[in-house]
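This report refers to the structure that appears directly beneath it.
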Amino acid sequence: MSQLEVLQSGGSAAMPVPPVARAPRRWRSVGTVKAALFAVVLVGFSILFVYPFIWAISASLKPQAEVFDNRVIPKHWAFHNYADVFRIPDAPMLTWIWNSVWVSTLGALAVTFSSALIAFGFAYFRFPGRNLLFGVLLSTMMLPQEVTMIPTYLIWKHLGLINHGGQYPLWVPNLFGSAFYVFLQRQFFLGIPRDYFEAARMDGDNYWTMFWRIAVPLAKPALIVTFIFEIQAKWFDLMTPLIYLRDTALFTLPLGLKTILDSFGTSGGGQGDWQLIVAATVIAVIPMLAIFAVFSKYFLDGIAAGGRKG
Amino acid sequence: MASIAPTAQKPGPLTRARFWASGFKERDTWVAYGFLLPWFIGFTIFIAGPMIASLVLSFTDYSVIQATNWVGTQNYHDLIHDPKVSKAMMNSLVFTLMSVPLEIVTALVLALVLLRVGRMAGFFRTIFYLPKMTPPVAVAILYLLLFNGSVGIVNRVLGWVGINGPFWTTDPTWVKPGLVLMSSWAVGGTMVIYLAALRGVPQHLYEAAAMDGAGAWRRFRDVTLPMISPALFFTFIILTIAGLTEFTKAYTAFFGAGTKTNETEAALFYAVYLFRQSFEFFHFGYASSLAWLLFVVILVITFIQVRVSKRFVFYQGER
């Protein structure tokens, strides 16, 4: 499309149109006062929800003394905060980010694949014990991780993999599926017409190729939802790294962030270098916002689907 | 025909057993179990095994360092008399009692607002959802900064309307309300569930209600609420469990290297105390009994919720 066309279409949209005709249907009967009140509520909520982000980004660009001045535009710009964050002794930010990236990616890939296998098993086949096993699977969602965390820790300790560079306790459990994702993907597999599989069987497909060539491609949205949800879960998780990692070089980002907070926040006996803490916080938040920007549809649909049949 | 139907419908124990046995002669069954194999392994190693082990541990004084003894119900006896347990349990209950209603109401209001926005709904939905993408550790740090008693923006804004804001992060009475407010920033997920439920309410119900002379409030109470009650019920349960097991925000803000005494008493949530008993004091036996208490509490509360909600939840058509 040429620039001219863009301008023209933009221009036509901006043409003065009678306001009544342009107003959304629902508002037509509503008085102006009510509409104005509604707009105030909407804008008010928006400010409430966005302001913490703005506050953090702005504070991260201020010198130490001005972090709490609550100005939106910093009086003195301190872009060097972001360089300083990467030069804190005993706080290897880059390593933490890298650890979080690869643990999240590996864990998400593992759980997506394993949950798909299990979900397909529950969705396609009819076998004795299916409903019972699926009930057991669903009921494991009720189990708080606190109940299993000590014996699980002892297993890893026995294997000598505590504080190990492979970060195994953080992602290996994902190889065995996860109840919520199995539930989500099963719903999706159930929606695939059975004829597709029967036809494939006629064509000589075996169970594996039916899973891999038909079920998986058709359930792609559910797999993407699983993948990004798990990326988020790993990126958020503080407790697991807290249990299994001791050396700062092995930390993932949440534990790194906590370490920076403890060494610079005033409660940990630090100097109150809040500008560094805030800069590190912004660094931890931005990748998630970026993922949301790309996959927002999947996040929103996935949550809605999870809530629909709980 | 009528004489055949009852026997076909009610398979006796023998037929059922035969069905089971014959199932295992089918190749399909074995292939299905093959697909489920990852879950069988994971369930054994990471769920069933640890559950049993944890139950056994809860009757011992296992603590890594010393020799382990069978202590019977001593741990459970101790936890009843441990003032920190009741304190921590109260903290978690109070937090849950405050945060769950606030989150449900806020999310519902936001969803209702979004429903009326029209074309810009996508944009505002994104805005309301973004906090949900913020890592809890980051949320806790923002909490410490925004709710800072002397220089935080929250008290600054309260000052504009003449309110002398409390010292949120250091005054024990205000620690939990502050955490609740900050947590309610991330209601985006709940809101999206409600929005989907609201969009699923058939329009003709509203039209029929309006024709019968029902006002906006009546339509909301008698049409909207019953129609979205499954979603409300689902989030009610999920949020309650999340509230009772809340760990990350409280731990980040008040524990770790900078553990203090005063306000940490107020932020000592049950999961935090459990974690400290486990991995800071290494009282694995005692911590296991704490974990089982938590599990039982969650089961009991969920059971009550399910029983009570049965009256109010309306499942359309199905079930």
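The values are calculated or read from the model by the stated rules, or taken from the named source; none is laboratory data. Keep in mind that this is a model prediction, so the values were computed, not measured. When we count neighbours, we look across all protein chains shown, and the Cβ atoms used for this are built from the backbone with ideal geometry, even at glycine.
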Of the residues that make up segment B:117-129, is at least one polar (S, T, N, Q), modelled with pLDDT under 95, outside any helix (DSSP H, G or I) and over 17 Å from the mean Cα position of the chain (by Cα)? no
If I go through segment A:132-163 residue by residue, how many of them are in a loop (DSSP other than H, G, I, E, B) and either under 13 Å from A:T240 (Cα atoms) or acidic (D, E) (or both)? 2
Which residue out of A:I155, A:I150 is buried (at least 18 other Cβ atoms within 10 Å of the Cβ) and either more than 22 Å from A:Q232 (Cβ to Cβ) or at the interface with chain B (Cβ under 9 Å from one of its Cβ atoms) (or both)? A:I150
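Do we have any residue at all in segment B:155-172 that's within 26 Å of the chain's Cα centre (by Cα), surrounded by 22 or more Cβ atoms within 10 Å (Cβ to Cβ) and assigned to a helix (DSSP H, G or I)?
No - not one qualifying residue is present in segment B:155-172.
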Here are A:A91, A:A119, A:A108: which of them is at pLDDT below 95, touching a helix residue (DSSP H, G or I) at 6+ places or on another chain (Cβ under 6 Å) and either facing chain B (nearest Cβ under 7 Å) or crowded, with 16+ Cβ neighbours inside 10 Å (or both)? A:A91
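Considering every residue within segment A:230-238, establish whether at least one is within 30 Å of A:R194 (Cα to Cα), crowded, with 23+ Cβ neighbours inside 10 Å and more than 9 Å from chain B (Cβ to nearest Cβ).
Yes, segment A:230-238 contains at least one residue that is within 30 Å of A:R194 (Cα to Cα), crowded, with 23+ Cβ neighbours inside 10 Å and more than 9 Å from chain B (Cβ to nearest Cβ).
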Total residues in segment B:234-244, condition touching a Phe, Trp or Tyr at 6+ places or on another chain (Cβ under 8 Å) and surrounded by fewer than 20 Cβ atoms within 10 Å (Cβ to Cβ): 0
Confirm whether A:P144 is surrounded by 14 or more Cβ atoms within 10 Å (Cβ to Cβ), more than 30 Å from A:L218 (Cβ to Cβ) and outside the structural domain of A:A215 (by TED's automatic domain parsing). no
Residues that are touching a helix residue (DSSP H, G or I) at 6+ places or on another chain (Cβ under 7 Å) and part of a helix (DSSP H, G or I), drawn from segment A:202-221: A:Y207, A:M210, A:F211, A:I214, A:A215, A:V216, A:P221
Pairs with Cβ under 8 Å, 6+ apart, first in segment A:30-59 and at the interface with chain B (Cβ under 10 Å from one of its Cβ atoms), second in a loop (DSSP other than H, G, I, E, B) and of a type outside the set (V, I, T): A:W55/A:N70
Between residues in segment A:186-208 that are at negative phi and surrounded by 16 or more Cβ atoms within 10 Å (Cβ to Cβ) and residues that are modelled with pLDDT under 90 and part of a helix (DSSP H, G or I), which pairs lie under 8 Å by C-beta distance while being six or more apart or on different chains? A:Q187/A:A305
Among the residues of segment B:33-77, the number that are more than 11 Å from chain A (Cβ to nearest Cβ), surrounded by 15 or more Cβ atoms within 10 Å (Cβ to Cβ) and within 29 Å of the chain's Cα centre (by Cα) is 3
Looking only at segment A:248-271, decide whether some residue is within 30 Å of A:F122 (Cβ to Cβ) and part of a helix (DSSP H, G or I). no
Test each condition in (1) closer than 20 Å to B:L232 by Cβ; (2) at pLDDT 90 or above for B:K84 and report the one that comes out false. (1)
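Here's the yes/no breakdown for (1) assigned to a helix (DSSP H, G or I); (2) closer than 23 Å to A:P144 by Cα; (3) not hydroxyl-bearing (S, T, Y):
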{"residue": "B:W174", "(1), (2), (3)": "yes, no, yes"}
{"residue": "B:L181", "(1), (2), (3)": "yes, no, yes"}
{"residue": "B:A197", "(1), (2), (3)": "yes, no, yes"}
{"residue": "B:L205", "(1), (2), (3)": "yes, no, yes"}
{"residue": "B:A231", "(1), (2), (3)": "yes, yes, yes"}
{"residue": "B:T240", "(1), (2), (3)": "yes, yes, no"}
One residue from B:L145, B:L195 being within 9 Å of chain A (Cβ to nearest Cβ), over 17 Å from A:L48 (Cα atoms) and surrounded by 22 or more Cβ atoms within 10 Å (Cβ to Cβ): B:L195
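Conditions (1) within 10 Å of another protein chain (Cβ to nearest Cβ); (2) more than 26 Å from the chain's Cα centre (by Cα); (3) farther than 26 Å from B:F254 by Cα, marked per residue:
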residue: A:L190; (1), (2), (3): no, no, yes
residue: A:Y196; (1), (2), (3): no, yes, yes
residue: A:I228; (1), (2), (3): no, no, yes
residue: A:I277; (1), (2), (3): yes, no, no
residue: A:I283; (1), (2), (3): yes, no, no
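Would you check if B:R119 is out of contact with any helix residue (DSSP H, G or I) (no Cβ under 9 Å at 6 or more places or on another chain) and surrounded by fewer than 23 Cβ atoms within 10 Å (Cβ to Cβ)?
Numbers: out of contact with any helix residue (DSSP H, G or I) (no Cβ under 9 Å at 6 or more places or on another chain): yes; surrounded by fewer than 23 Cβ atoms within 10 Å (Cβ to Cβ): yes.
Yes.
Tell me the residue from A:S263, A:S296 that is facing chain B (nearest Cβ under 9 Å), more than 18 Å from A:R87 (Cβ to Cβ) and either touching a residue at least 60 places away in the same chain (Cβ under 8 Å) or surrounded by fewer than 20 Cβ atoms within 10 Å (Cβ to Cβ) (or both), please.
A:S296
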The conditions are (1) within 8 Å of chain B (Cβ to nearest Cβ); (2) surrounded by 19 or more Cβ atoms within 10 Å (Cβ to Cβ), and A:R130 fails exactly one of them. Which is it? (2)
Could you list, ordered by first residue, the pairs with Cβ atoms under 8 Å in which the first is in segment A:159-179 and not assigned by TED's automatic domain parsing to the domain that holds A:A119 and the second is buried (at least 21 other Cβ atoms within 10 Å of the Cβ) and among the charged types (D, E, K, R), at least 6 apart or interchain? none
For segment B:192-206, give me each residue that is aromatic (F, W, Y) and touching a residue at least 40 places away in the same chain (Cβ under 8 Å). B:Y194
